[in-house]
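Here is the structure we will look at, set down as structure tokens.
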Amino acid sequence: MNSEKLFIELELSDINLKIRELVATKNKLKIWTNSQQVSSVLINGIDGNILTVEEGVHIQGEVMATFTLRQMSYFFKGEIDSDRITLKGKVYRSERREDMRFNVSYMTSSYLYFDVIDEEVQNEGPDNILHFNKAKNKEESFIKDFSSSLDDFPEFRGAKLVDVSNSGASFVMSLQDFKNYENKRFSIGTLVLEKKSFDIKNIQKVYDIDYVNFRLDNIPMKKIGVHFEAGEDLKNYLDELDDKSIILTSLDEEFNKYINQQSQE
């Protein structure tokens, strides 16, 4: 992905007009320092390169910021002090994509439970489906009870999600677990996001790469990317997350990389 083409530089006057529109529509500004410190604030007004925002913002200091209007995202770097944000440096615009991914790795509960089929014996009958998906049950209440008790039974956690979109996701598992399922085909599954469950089907693996988890540096891990088909309920849930501006998207993270590259040049 060419970040220079992805982010279009704007004049301060351009962003000024957009922020005034943001104030009028009462849409929120997302601010963050990293994927674990993300917040959203209402903007009360703008004067030059100074934004006044609602009081009580728990993030202070240097932040990244973004907001969305009519499928366009606007980005800038700023310094927040109490209820004032000072724009620092350049401002940018980028078009939002349909395959936008949301970073759910820091959600308390974000897992993929799936069934897999052994490629070598998949035609012998239904007994060859491996029900790794313990959470998939006909009773929706069981899923809710199961997901709420995950912390008590870590061996039933399933695969930990890293990010998710309307049509795909990535997740991590230990290298040993990956070897156990390497010759098997993903079939159907259930996404669990903060105790909400979403059925998915026609799962197809796109890639697998080595993954480093600094909290588990002694355990070799794999990150797996998949495409799938999902219902409108997942799209509606992700739209709600987007509206709340409390979680980073793949575009936000791309902007992080772009700004870091700019500062090193």
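What follows draws every value from the coordinates through simple rules; no lab data is involved. Remember, it's a predicted structure, so these values are computed and weren't measured experimentally. For neighbour counting, all protein chains shown are included, and Cβ atoms are generated from backbone atoms with ideal geometry for every residue, glycine included.
Taking the Cα centre of the range 11-69 as the origin, how large is its charge dipole in debye, to the nearest 20, when only Lys and Arg (+1) and Asp and Glu (-1) carry charge on their Cβ atoms?
Values: 5 positive and 7 negative charges, 47 e Å.
Using Cβ point charges on Lys, Arg, Asp and Glu, the range 11-69 gives about 220 debye.
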Can you compute the modelled spin-label distance between Lys196 and Ile50, with each label point 7 Å from Cα toward Cβ, in nm? 3.9 nm
Here, Gln176 and Glu240, labelled 7 Å along Cα→Cβ, have an inter-label distance in nm of 3.8 nm
One finds, for Leu12 and Ile209 with R0 = 45 angstrom and r their Cβ-Cβ distance, a FRET efficiency to the nearest 0.05 of 0.65
For the range 196-257, what is the charge dipole size about the Cα centre, in debye to the nearest 20, if Lys and Arg each add +1 at the Cβ and Asp and Glu each add -1 at the Cβ? 340 debye
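Between Ile59 and Ser35, what is the FRET efficiency for a Förster distance of 22 Å, r being their Cβ-Cβ separation, to the nearest 0.05? Please report the intermediate quantities before stating the final value.
Details: r = 13 Å, r/R0 = 0.59.
Efficiency, rounded to the nearest 0.05: 0.95.
Applying a 10 Å radius around every beta-carbon, put 58-66, 6-14 in order of their mean neighbour count, most first. Could the numbers behind the result be given before it?
Values: 58-66: 15.1, 6-14: 13.2.
In descending order of packing, they fall as 58-66, 6-14.
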Size of charge dipole - the range 1-100 - debye, nearest 20, with Cβ of Lys, Arg +1 and Asp, Glu -1, no other charges: 240 debye
